[in-house]
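What follows is one structure encoded as structure tokens, with my remarks underneath.
The values are calculated or read from the model by the stated rules, or taken from the named source; none is laboratory data. None of the values given here were measured: they were computed from a predicted structure. For neighbour counting, all protein chains shown are included, and Cβ atoms are generated from backbone atoms with ideal geometry for every residue, glycine included.
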Amino acid sequence: MDDDTAIFAGRGSQTLTGKICANLGLPVGKNETITFSEGNTFVRICENVRGWDTFIVQTTVFPANDNFMELLFYVDALKRASARSVTAVIPYFSYAKGDKKDEPRVSIRARVCADALEAAGVDRVVTIDLHAPQIQGFFSVPVDNLMALPILADRIMEEMELVGRDTNELVVVAADTGFAKEAREYANYLQVPVAIADKTRAAHDDSAEVLGVLGSVEGRTAIIVDDFAISCKTLCGTADELLEMGATAVYAAITHGVFNSQSMELVDNSKITKMFVTDTIETQPTALSDRIDLVSVDGLLSEAIRRIGQGESLSSMFDWTARARFARHHV
């Protein structure tokens, strides 16, 4: 990396930022965040960044509002410190579910967040597995929506070989119809068939009813894939349905572990053998189950940052024939 590049950590992504900087041979930028007694957030950049390309890494959840406001303040602080460019690296983009006005008198929350980031002065956004890819269109600045797929899929293959399961007998299962396209990409990557869980959600809560599964899973190891999980109720229910349909075992691969305080008890009592989850979120309010296998995205993000700094293509990172160049695994 160039000497005029600096990477800073928000409070939501300090461990991940440390890994990214270690990969790139850079020190973590010096900054500080203070929360005053009345709840106000104060941020400060503690080194000279005039004319530098800067990156602020901050996942926006747990707590969502505090972390998002902190991100805005850091973007503003870097711009006011005369940084040449400010890139917000948002491993998990909260409020991404609020991408449309699907009922009367509601806010399109993702658009509000996008407008706020641009108003603060962000020059570029890097994120992973947006819940709704069209959110990229809410921004007028470049948005790089990276995919955790190759990292998770490679870990799945490693696990199958480790436990002696035939990788040719896998089946990828979309957690719902909304994730069907992404599930097909997993299936193409792994060169296995795909099935789709059909579910319905009756209210604005963390659970949904599984209506059935479209596709054959009999005699196969099922891998449920989704972009995030909160309560894990639906995930565990889908696992039950798959086993009833003849699956020999059920695993899950989830990009964002937005786990609530009851989720890990459900996972421990479920029929899911193991759940692969990335470390885009490191401030969960609950200790993770022993069935959770953390897969780090530090290699993915550090390679993206390096390419941005060098003016190289990011899309070529997802040429599956070149995956070994960037899909680094760290637990």
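Some observations on this one:
- Ile7 vs. criteria more than 28 Å from Met147 (Cα to Cα), modelled with pLDDT of 95 or more and buried (at least 16 other Cβ atoms within 10 Å of the Cβ): no
- Selection status of Ala88, farther than 19 Å from Ser315 by Cβ and modelled with pLDDT under 95: no
- Residue selection: Val89 satisfies the criterion of being closer than 17 Å to Gln310 by Cα and in a strand (DSSP E or B).
- Filter result (within 16 Å of Ile156 (Cβ to Cβ) and either surrounded by fewer than 23 Cβ atoms within 10 Å (Cβ to Cβ) or in contact with a Ser or Thr (Cβ under 6 Å, 6 or more places away or on another chain) (or both)) within segment 277-294: Thr278, Arg291, Ile292, Asp293, Leu294
- Some residue of segment 130-144 being in a helix (DSSP H, G or I), among the β-branched types (Val, Ile, Thr) and either modelled with pLDDT of 95 or more or under 20 Å from the mean Cα position of the chain (by Cα) (or both): yes
- Screening the candidates Val194, Val173 for the property of being of a type outside the set (Gly, Ala, Ser), in contact with a helix residue (DSSP H, G or I) (Cβ under 6 Å, 6 or more places away or on another chain) and at pLDDT 95 or above yields one hit, Val194.
- Of the residues examined, Glu282 is not one that is closer than 23 Å to Glu241 by Cα and modelled with pLDDT of 95 or more.
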